[in-house]
1. Does the chain come out rounded, prolate or oblate, given a ≥ b ≥ c as the square roots of the eigenvalues of its C-alpha gyration tensor, rounded meaning a/c under 1.5 and, failing that, prolate meaning a/b above b/c?
2. Quick check on the chain: helices-only [θ] at 222 nm, where DSSP H runs of length 4 and up contribute -39,500 (n - 2.57) each and the sum goes over total residues. Nearest 500, please.
3. Name the longest site-free stretch of the chain, where the excluded sites are trypsin sites (Lys or Arg not before Pro) in a DSSP loop with no more than 13 other beta-carbon atoms within 10 Å.
4. Return the whole-Å distance between the Cα centroid of segment 78-102 and the Cα centroid of segment 103-117.
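Every number in this text was worked out from the coordinates using simple rules, so none of it is lab data. Keep in mind the model is a prediction, meaning the values are calculated, not measured. Backbone-built Cβ (ideal geometry, glycine too); neighbour counts: all protein chains shown.
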Amino acid sequence: MPQSLARIWLHIVFSTGERRAYLQNAELREEMFHMLGHHAKETGCPPVRVGGWIDHVHVLCGLSRTITVAELVEVMKRETSKWMKQRAADQSLFHWQNGYGAFSVSQSLVYQVTDYIERQPEHHGRMTFQEEFRAICAKHNVQIDERYVWD
């Protein structure tokens with residue numbers, strides 16, 4: 001019987017709406033990372049590492065053969081937005097930005113990207129989310145239109 005196999009690693013990055021510091025509380029931030037990983041796993045996209053900072057997240061996960069990147073991100077955003085609004089009354093305005101960045105990761109670089117995600121607090125002592133996202137896009141040779149990327 002024929003078999004279809006795939007091993008595709010993705011580094012997905014997106015911010016909170018208007019890059020607001022919704023994730024400033026460390027405990028809440030860690031819960032959000034856990035929930036994002038949970039919903040990635042539920043779609044068949046095993047998470048390797050989820051992290052980020054007070055205004056954005058990074059998800060390193062495998063991509064299932066049966067889901068698109070857009071569907072995966074939509075599920076993670078939708079489900080965690082609902083969770084956040086139910087978890088804390090003061091988070092009723094919580095939302096994610098409309099867009100996202102998704103970048104392929106070679107198997108040989110999974111450890112390096114994992115380490116990068118784990119060091120988010122350190123990175124953001126030196127640079128903003130916008131600076132970081134510009135650098136990631138440049139590294140992957142992705143052109144961004146500044147008029148639309150920062151919703």
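1. Numbers: a/c = 1.61, a/b = 1.23, b/c = 1.31.
Oblate shape, in that a/c is at least 1.5 and b/c is the bigger or equal ratio.
2. After summing the helix terms and dividing by the residues of the chain, the value is -12500 deg cm²/dmol.
3. Working: sites that count: R7, R65, R119, R126.
So the longest stretch without any such site is 8-64.
4. So the separation of the two Cα centres works out to 26 Å.
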